[in-house]
């Protein structure tokens, strides 16, 4: 699996399904609001014999405006819902492809949004945002 390509295509898949988000396959220097980006990666090599399978866990972040506490968190909640037009979960599930197809346009065998964590206030530079981390597992050939 090519980590760089996976990050870029994952961000593009979310952007295609949720066009109201600015999406990046890397950590941007400045944050346009609202923003989804792929951050850290953990790679576990050789999950099966003979370089058959690697597993990557991507920490993605979703940051929204802190215009006021109620509306900022309401916007965050809409993106974190399990379904609906702004659902990042739905966007990631769409990137899995149809049954029997490879995920992310052939870059991986499968991917899965495992959980949302760290729902809190984030500071980037001098700006504060409401946000959360989305943990995405990607599996594919080693």
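Any read-out appearing in this document is the output of simple, stated calculations on the displayed coordinates, not a laboratory observation. In this text, all values refer to a predicted model and were calculated from it rather than measured experimentally. Every residue, glycine among them, receives a Cβ derived from its backbone with ideal geometry; neighbour counts consider all protein chains shown.
Okay, here's what the table says:
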item: Residue selected from segment 67-91 under the condition in contact (Cβ under 8 Å) with a residue 24 or more places away in the chain and part of a loop (DSSP other than H, G, I, E, B), by the criterion surrounded by the fewest Cβ atoms within 10 Å (Cβ to Cβ); result: 85
item: Output for segment 100-126, where each listed residue is within 25 Å of residue 66 (Cα to Cα) and out of contact with any strand residue (DSSP E or B) (no Cβ under 9 Å at 6 or more places or on another chain); result: 125, 126
item: Residue in segment 8-20 that is closer than 22 Å to residue 85 by Cα, in contact with a helix residue (DSSP H, G or I) (Cβ under 6 Å, 6 or more places away or on another chain), in contact (Cβ under 8 Å) with a residue 40 or more places away in the chain and part of a strand (DSSP E or B) present; result: no
item: Test set (1) under 17 Å from residue 122 (Cβ atoms); (2) in contact (Cβ under 8 Å) with a residue 24 or more places away in the chain; (3) not in a helix (DSSP H, G or I) - residue 55 fails condition number; result: (1)
item: Residues of segment 95-118 classified as surrounded by 15 or more Cβ atoms within 10 Å (Cβ to Cβ) and in a helix (DSSP H, G or I), total; result: 1
item: Any pair with Cβ under 9 angstrom, 6 or more apart, that starts in segment 97-126 at a residue that is without any contact (Cβ under 8 Å) to a residue 40 or more places away in the chain and ends at one that is exposed (fewer than 13 other Cβ atoms within 10 Å of the Cβ) and not in a strand (DSSP E or B); result: 97/106
item: From 38, 64, 56, residue being buried (at least 17 other Cβ atoms within 10 Å of the Cβ) and farther than 18 Å from residue 118 by Cβ; result: 56
